[in-house]
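Just so you know, all these numbers are worked out from the coordinates, no wet-lab data involved. These figures come from a predicted structure and were not determined experimentally. When we count neighbours, we look across all protein chains shown, and the Cβ atoms used for this are built from the backbone with ideal geometry, even at glycine.
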Amino acid sequence: MSLFQAGKILELYYSTNDGRVNTTELALDDKGVIEDKYYNKDIQRSVLITSKASYDMANSHGIDAPYSALGENILIDYNPYHLKPGARLAIGDLELEISQNCTLCKSLAKVDARLPKLLQNDRGVFAKVISSGTIRKGDNIYLLK
C-alpha cells in the first residue's frame with residue numbers, strides 16, 4: 001500500500017461536559033477519542049476531522065469562528081472533503097477510515113446564523129478508528145492509496 005503525504009495536524013480537541021479542550025495529543029481506539037464525552041457513542045462518527053479551509057471560508061464571509069467552533073477533534077491543513085467513505089488516512093501510529101461527511105447541527109448557528117448554510121458541504125468528515133494509537137499536533141497526515 002502506498003502513502004501520499006496530504007498535510008499536517010494543526011490542532012487537536014476533545015469535548016467534555018464542561019466544554020472543549022485543546023491538547024497536544026489524542027489517544028484513540030476503536031471506540032473513538034478516549035477522553036471525549038462522545039467516546040463509544042457512534043463508531044461511524046467517532047472522530048471529526050475539519051480543514052482549516054472551513055475556517056478560512058467563514059472568515060472570508062466576515063464570520064469570526066475560533067478554532068474548535070466546528071466541533072472538530074482534528075484540525076488539519078489539508079482539505080479532506082473530496083474523500084469518499086472508505087478512504088483511509090494514516091496519522092502517527094494509527095489509521096482512520098472516512099465514514100461519512102459531517103452533517104450540520106444547530107450548534108453552528110450559535111457561532112453565527114450564516115454558518116450552517118455556508119458550511120453545509122464543508123464542515124468536516126467523520127472517521128472511524130481502524131487501528132488504535134496516539135496522534136500529536138504537527139503529525140503528518142498520509143492518504144493511503
What does a probe at D30 reach in the range 98-135, counting residues whose amide N is under 18 Å from the point 7 Å along Cα→Cβ?
98-99, 127-134
Please order V129, V21, V47 by the number of other Cβ within 10 Å, starting at the fewest.
V21, V129, V47
Residues I74, I141, I130, sorted so that the one with the fewest Cβ neighbours within 10 Å comes first:
I130, I141, I74
Segment V111-V21, extension gain: residue separation times 0.36 nm, minus the distance between their alpha carbons
30.7 nm
As an exercise, use a Förster radius of 22 Å and the Cβ-Cβ distance of F4 and L104 to find the FRET efficiency, rounded to the nearest 0.05.
0.15
Report, as a whole number in µm² per second, the diffusion coefficient that Stokes-Einstein gives for the chain at 37 °C and 0.692 mPa s using the Kirkwood radius over alpha carbon pairs.
218 µm²/s
Can you give me the three principal axis dimensions of the range 3-54 from its C-alpha atoms, in Å, biggest first?
33, 22, 20
For the chain, what does -39500 (n - 2.57) per DSSP helix run (n ≥ 4), summed and divided by total residues, give at 222 nm, in deg cm²/dmol to the nearest 500?
-2500 deg cm²/dmol
Under the Karplus curve 6.51 cos²θ - 1.76 cosθ + 1.60, θ = phi - 60°, whole-Hz ³J(HN,Hα) for the range 52-65, x wherever Gly or Pro sits:
4, 4, 5, 5, 4, 5, 4, 4, 5, 9, x, 9, 8, 10
For labels at A53 and Q120 in the simple 7 Å Cα→Cβ model, what's the distance in nm?
1.9 nm
Applied in sequence order to the range 31-44, the curve 6.51 cos²θ - 1.76 cosθ + 1.60 (Karplus, θ = phi - 60°) yields integer Hz couplings, x standing for Gly and Pro, of 9, x, 7, 4, 8, 6, 5, 9, 4, 6, 8, 8, 4, 5
Return the subset of K37/K106; K84/K110; K106/K137; K52/K110; K117/K137 for which the Cα-Cα distance in this structure is over 26 Å, preserving the input order.
K84/K110; K106/K137; K117/K137
Sequence of E35, E95 once ranked by neighbouring C-beta atoms within 10 Å, starting from the fewest
E35, E95
Excluding residues fewer than 8 places away in the same chain, name every one of the aspartates and glutamates whose C-alpha is closer than 15 Å to that of K41.
D29, D30
Test of understanding: what is the full-extension gain from R45 to D64, defined as 0.36 nm times their sequence separation minus their Cα-Cα distance?
4.2 nm
